[in-house]
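The block underneath contains the structure these notes are about, expressed in structure tokens.
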Amino acid sequence: MGEFDIVVEPNARRRRYRYPLSGKKRAAALFRVWHGVRELVEEAERLGEGELVHFLSVAQLLVEEKAVALTGSASAFEAADTSLPN
């Protein structure tokens, strides 16, 4: 058998400069990430993957803490069920 070469061509499309998000927009983005991680935790629980549930729960907690630090309150998380086990 012959050798396989990986060819990576440069991306010709230029990326726009992305301005940093404001505090509220950044917190909203983190809240969306938190919901995505929560769905992953539920899927890992359904599959019976205890280690993955623990890892994702820790990640979810870190995202939650960062969002609370940006907004100064936990009001966004008060309505959500944050009682998932570690």
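All of the numbers you see were taken from the coordinates with simple rules; none came from a lab. Keep in mind that what you see is a predicted model, and the values were worked out from it rather than measured. For neighbour counting, all protein chains shown are included, and Cβ atoms are generated from backbone atoms with ideal geometry for every residue, glycine included.
Counting Lys and Arg as +1 and Asp and Glu as -1, what is the net charge of the other residues whose Cβ lies under 14 Å from the Cβ of A44?
Here the count lands on -4.
Full-extension gain between H35 and V7, please, as 0.36 nm times their residue separation minus the C-alpha to C-alpha distance.
Full-extension gain reported as 6.4 nm.
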